[in-house]
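As structure tokens, the structure follows; a few thoughts come after it.
Every read-out reported here was derived from the displayed coordinates using simple, explicitly stated rules and does not represent laboratory data. Here the structure is a predicted model, which means the values were calculated and not measured. In this analysis, Cβ positions are derived from the backbone assuming ideal geometry, glycine residues included, and neighbour counts consider all displayed protein chains.
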Ligand SMILES: [Zn+2]
């Protein structure tokens, strides 16, 4: 094997490593289990936010009822004041005022009943929220651990990537421009592999057997001349 072909294979091997490292980095959330835990956390968070919204709606209802109850109490108070202060009111007026007071009292009792229901519902939602927080705690802790682990793995992969990219540039600089261009064109067309080894009678790019005549011809090529696989078209270097 000439030096040039050695550098070509080195470039291919580094390109393969770089691709694998990038895939591994992208898949870290999935492969570490972080993606699953994040999904679990998101589902719990959706439940929590739903409960919080119900809690807020109940509190708003309670507030509105309290305001209505306050208004009724005020109105009843002023009617009662008029009733007790009334020296000149007719019996019919007094009767009307007394009916109104009774009506307001009944209405207030109804609203107080509704307020109680809203308060009890809030207690139930509070219990629901507390239970959800308890369920979320360990999941959050697990997510935190996994995020830290993924962060450490990313740093490790980044260091490997930087080293591989550096070596790749150094090896690629040693290739003749024409060969480098052929390699790049093939690589982008053939799933990242532009150069393959001839192992025995097999191309390790497409994994197909070459005829023995073809293998003979390739092995007899003068140094510096690069063969291509007749099956897949990749640059073929005798191993
Ligand atoms: Zn091939």
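Quick notes on this structure:
- Sequence-distant contacts, meaning Cα pairs under 8 Å at least 6 residues apart, place the relative contact order of the chain at 31 percent.
- Hydrodynamic radius of the chain per Kirkwood, over alpha carbon pairs, in Å: 25.8 Å
- Crossing angle, helix 3-26 versus the chain [Cα axis fit, 0-90 degrees, rounded to tens]: 10 degrees
- When the chain is treated as a Gaussian network with alpha carbon springs shorter than 10 Å, the biggest mean-square fluctuation among 91, 35, 109 belongs to 91.
- Length-normalised contact order of region 188-239 in % [C-alpha pairs under 8 Å, at least 6 apart]: 41 percent
- Estimated distance in nm for a label pair at residue 95 and residue 24, the labels positioned 7 Å out from Cα along Cα-to-Cβ: 9.6 nm
- Per-residue packing, averaged as other Cβ atoms within 10 Å, sorts the ranges 79-85, 113-119 into the order 113-119, 79-85, beginning with the highest.
- Virtual paramagnetic centre 7 Å along Cα→Cβ of residue 129, amide N under 20 Å, in region 43-70: 43-66
- Full extension of the segment from residue 39 to residue 102, taken as 0.36 nm per residue of separation minus the current Cα-Cα distance, would add 17.0 nm.
- For the chain, the mean residue ellipticity at 222 nm estimated from helices alone is -27500 deg cm²/dmol, where every DSSP H run of n ≥ 4 contributes -39500 (n - 2.57) and the total is divided by all residues, rounded to the nearest 500.
- Taken along its three principal axes, the alpha carbon spread of region 1-118 comes to 124, 20, 14 Å, from the longest extent down to the shortest.
- Chain lengthening between residue 60 and residue 75 when straightened (0.36 nm per residue, less Cα-Cα): 3.1 nm
- The DSSP beta bridges internal to the chain are antiparallel in roughly 55% of cases.
- Potential lengthening between residue 82 and residue 139 on full extension [0.36 nm per residue; Cα-Cα distance subtracted]: 14.2 nm
- Between 159, 51, 96, the Gaussian network model of the chain with springs among Cα atoms under 10 angstrom shows the greatest mean-square fluctuation at 96.
- Between the beta carbons of residue 68 and residue 46, assuming R0 = 41 Å, the FRET efficiency works out to 0.80 to the nearest 0.05.
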